[in-house]
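See structure below.
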Amino acid sequence: MKVAMKIWRYDAVAGERALREYEVDAPEEATLLDCLDLVKDQLDGTLAYRKSCRMMICGSCGMRMDGAAVLACKTRMYEIAQSGHVPVISAMGNLPIVKDLVVDMEPFWRKIRAVTPWLEPGYSDPGERENVVSQAEMDVIHKESLCIMCGCCVSECNSMEADPDFLGPAALAKGMRFVGDARDQARVERLQAYSEAHGIWDCTRCYFCQERCPKGVDPRDAIAKLGAEAMREGIDSDLGARHAKWFVTSAKTTGWLRETELVPKTQGVVKSLKEIGFAMSLLRHGKVPPPIPPHVAKHVDEARALYDLVKHDGREGADGIVQIEKPLSRLEHGEGEDGAAERGPYGPGSFAKPYLPELSDESESSSEGRHA
Amino acid sequence: MRTVAYYKGCLASLSAKELDIATQALAPKVGLELSELEAVTCCGAGDIHEAEPDYYLHLNARILAYAEETGTDTLMTVCNVCTLNLRQANHALKGDEALLERVNRNLVSVGAPAYSGGVEVLHFLWLVAAGEGYELLKEAAHKGLKGLRIAPFYGCQILRPSKLLGFEDPDRPESLERIIEACGGEPVDYPAKIKCCGFPIIQAREDVALAELIQPIEQAKEAGADAMVTPCPLCHLSLDAWQSKLRKQTGKDFAMPILHLSQLIGVAAGLDESELKFKRHVVSVKPVVEQLAI
């Protein structure tokens, strides 16, 4: 098949960027990485990109296709080529570009190092017996352990774009991998450190990390688990944690969010007073609902009683965080009548469905022929 | 008429009442009969999920149970955050029998109905962007928008995570554009339409949130938009109410009117000011109103 691509070339020395178009003849099962190899071999040896394992485990070939971070070795090109769309390939976001599709990963590694990404077992001498951990205990952090540190989650992180010091989804997911490890003895210290500025409470919940991760780590869920664990330990002085607590109080007392009180409860009275001018501008348009009389939900006593029952059940912290996917399973994407399927630019289900070539004699021989 | 259980959530009950008013007025014109849920609470907005995860699950199960009790199979939301929270809880409850049983035991013991798993949570946007709802919308939007240039702003939690939301391609959504066109407006394209408005951290990290917020407004302005439209009242609140803070911070006065989705369709469907409530917006919608002379 013919695969056309536009690639953002970048020369850091000259500081020049250019969008160049290439077309290669590739076998039907070719990935984006295969196509880049063909470009480099046949058309332009100066093209720079990272690669190593070619099988989604080394995490080297993170890059953007049409603005979305992908692993080049995981991305099949068949449906895109068939649709006639010419994708734009560029370097990942939120990291400095070294050349073409190669980014400087140093800021990424600095943040990984900042979360103490190793086990703190609390002893230096391992002793004579192994420390056996049950499968059930490891299941808790199974997803976080899948991270290959490719940087795809970081590429489109909206909080990191706004605040380059934000620890970000990869480092925080790595943090959860150790906070949830039954052998780790530095749990509380970790939670305290991750709860500081640029940590857990800086996540804006844009869910780009969850969308981009090629390994199913679900970093946003990992950050929610850290938040839940921190609050279980009473590490809740950050404005973000106080904000979250006010929602619980609201649900228990009136059922609905007590919106007007949210600001002083989160920011404190003194800081809120400084915002009085802003508050007045909102008040004029009915954006500051009066707290009295409170807007109380019907049968709110049920919500109150539920709180006590939940406390009695004791399913707290990360254990309670809803996992979109359970460890070791993947959701199947349906192609409903109303679904995006038919309207996607690459045809039915293309944004979710991997291309699997049909294994007939004909297609095998024909693709081999094109190889040669 | 399709009967749906209607969960308006906190904002449409309080600071964004105009969203509720416009939605209720518009619903019959697009074939929806709303059965409003009264004995329900906040979905937790992602905050209770983090502070008290199990309580979050119970509160949302209770909302789903009351929706099921109305006899419909659809719970309609008008907020991105409610949509994700309810769909996430629904997914967890439907996929785990033991969990559903424990939660139901607790629900019943406090006097709430049990939930059998028979409800699907759908945002109002999805009900009118495809199928019969879309056909009815095209008929209802008879007054048009006179080619008004509208920038769609999706926000996050109606697109991502697509594993839970899944209505359309999260990177190339089209639902709002389809609706703008059906209403006789001209959709304006810009890259930040699928990015975050910063609202979840606007209290705790205002500077970070404002650095996110400025992108869509600035890009929409540069692309020549007369107004922006969003399906989420939280996005609406930050885009509309926090715009003055951007002016203070950057000196740029975008004066960008922000419409709720129900208002945009409502204008094209001929709703009047008592049903649109534009006076409740912080950024004046007057330029839009004048252009349309409604």
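The values are calculated or read from the model by the stated rules, or taken from the named source; none is laboratory data. Please read all numbers here as calculations on a predicted model, not as lab measurements. Heads up, the Cβs are rebuilt from the backbone with ideal geometry, glycines too, and the neighbour counts pull from every protein chain shown.
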field: Odd one out for B:Gly44 among (1) at positive phi; (2) assigned to a helix (DSSP H, G or I); (3) small (Gly, Ala, Ser)
entry: (2)
- prompt: Do you know which residues across the stretch B:47-56 are acidic (Asp, Glu) and either touching a Leu at 6+ places or on another chain (Cβ under 6 Å) or part of a helix (DSSP H, G or I) (or both)?
  reply: B:Asp47, B:Glu50, B:Asp54
- line: The helices (runs of 4 or more DSSP H) lying entirely within the stretch B:57-175 that contain at least 1 residues which are closer than 21 Å to B:Lys8 by Cα are B:80-94, B:124-129, B:131-140
- prompt: So, in the stretch A:12-34, of the ones that are out of contact with any strand residue (DSSP E or B) (no Cβ under 7 Å at 6 or more places or on another chain) and farther than 18 Å from A:Ala72 by Cα, which residue ends up modelled with the lowest pLDDT?
  reply: A:Val13
field: A:Asn94 outside the structural domain of A:Arg212 (by TED's automatic domain parsing), in a loop (DSSP other than H, G, I, E, B) and not β-branched (Val, Ile, Thr)
entry: yes
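Okay, residues lined up against (1) under 22 Å from A:Ser237 (Cα atoms); (2) of a type in the set (Ser, Thr, Tyr); (3) not in a helix (DSSP H, G or I):
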position: A:Cys153; (1), (2), (3): no, no, no
position: A:Pro164; (1), (2), (3): no, no, yes
position: A:Met176; (1), (2), (3): yes, no, no
position: A:Glu189; (1), (2), (3): yes, no, no
- prompt: What number of residues in the stretch B:261-286 are under 27 Å from B:Asp207 (Cβ atoms) and in contact (Cβ under 8 Å) with a residue 60 or more places away in the chain?
  reply: 1
- prompt: Is there any pair linking a residue in the stretch A:185-208 that is within 8 Å of chain B (Cβ to nearest Cβ) to one that is part of a loop (DSSP other than H, G, I, E, B) and hydroxyl-bearing (Ser, Thr, Tyr), with Cβ under 7 Å and at least six apart or on different chains, and which?
  reply: A:Trp201/A:Ser195
- prompt: From the list A:Lys287, A:Lys298, which residue is in the same structural domain as A:Glu259 (by TED's automatic domain parsing), assigned to a loop (DSSP other than H, G, I, E, B) and within 34 Å of the chain's Cα centre (by Cα)?
  reply: A:Lys287
- request: State whether one or more residues within the stretch A:265-275 are part of a helix (DSSP H, G or I), of a type in the set (A, V, I, L, M) and facing chain B (nearest Cβ under 10 Å).
  value: no
message: Take B:Tyr154 and tell me if it is within 14 Å of chain A (Cβ to nearest Cβ), in contact (Cβ under 8 Å) with a residue 60 or more places away in the chain and buried (at least 23 other Cβ atoms within 10 Å of the Cβ).
response: yes
field: Members of the stretch B:174-205 that are over 18 Å from B:Leu234 (Cβ atoms), in contact with a Lys or Arg (Cβ under 7 Å, 6 or more places away or on another chain) and facing chain A (nearest Cβ under 9 Å)
entry: B:Glu174
task: Check off (1) facing another protein chain (nearest Cβ under 9 Å); (2) in contact (Cβ under 8 Å) with a residue 24 or more places away in the chain; (3) of a type in the set (Lys, Arg) for B:Lys163 and give me the number that stays unchecked.
output: (2)
query: How about the stretch A:210-256: which of its residues are within 19 Å of B:Cys156 (Cβ to Cβ), facing chain B (nearest Cβ under 7 Å) and not small (Gly, Ala, Ser)?
result: A:Gln210, A:Glu211, A:His243, A:Phe247
- prompt: Filtering the stretch A:262-302 down to residues that are over 18 Å from A:His243 (Cα atoms), of a type in the set (Val, Ile, Thr) and touching a residue at least 12 places away in the same chain (Cβ under 8 Å), which residue is surrounded by the fewest Cβ atoms within 10 Å (Cβ to Cβ)?
  reply: A:Val296
- prompt: Pairs, please: C-beta under 7 Å, at least 6 apart or cross-chain, first residue farther than 17 Å from B:Asp47 by Cβ and in the stretch B:1-17, second assigned to a strand (DSSP E or B) and of a type in the set (Gly, Ala, Ser)?
  reply: B:Thr3/B:Ser35; B:Val4/B:Ser35; B:Ala5/B:Ser35; B:Tyr6/B:Ser35
statement: With the first residue restricted to the stretch A:34-48 and required to be in a loop (DSSP other than H, G, I, E, B), and the second required to be among the aliphatic types (A, V, I, L, M), Cβ contacts under 6 Å at 6 or more apart or on different chains are A:Leu47/A:Val39; A:Ala48/A:Val102
query: Within the stretch B:177-226, how many residues turn out to be closer than 22 Å to B:Thr250 by Cβ, in a helix (DSSP H, G or I) and of a type in the set (D, E, K, R)?
result: 7
task: Would you check which residues across the stretch B:1-42 are in contact with a strand residue (DSSP E or B) (Cβ under 9 Å, 6 or more places away or on another chain), at the interface with another protein chain (Cβ under 9 Å from one of its Cβ atoms), crowded, with 24+ Cβ neighbours inside 10 Å and within 21 Å of B:Arg87 (Cα to Cα) and list them?
output: B:Gly9, B:Val40, B:Thr41, B:Cys42
query: If only one of B:Gly251, B:Gly224, B:Gly198 is surrounded by 24 or more Cβ atoms within 10 Å (Cβ to Cβ), small (Gly, Ala, Ser) and either free of Cβ contacts under 8 Å to residues at least 12 places away in the same chain or farther than 20 Å from B:Glu18 by Cα (or both), which one is it?
result: B:Gly198
field: So B:Val121, is it at pLDDT 95 or above and surrounded by 23 or more Cβ atoms within 10 Å (Cβ to Cβ)
entry: yes
statement: Within the stretch B:244-294, the count of residues that are outside any helix (DSSP H, G or I) and of a type in the set (Gly, Ala, Ser) comes to 6
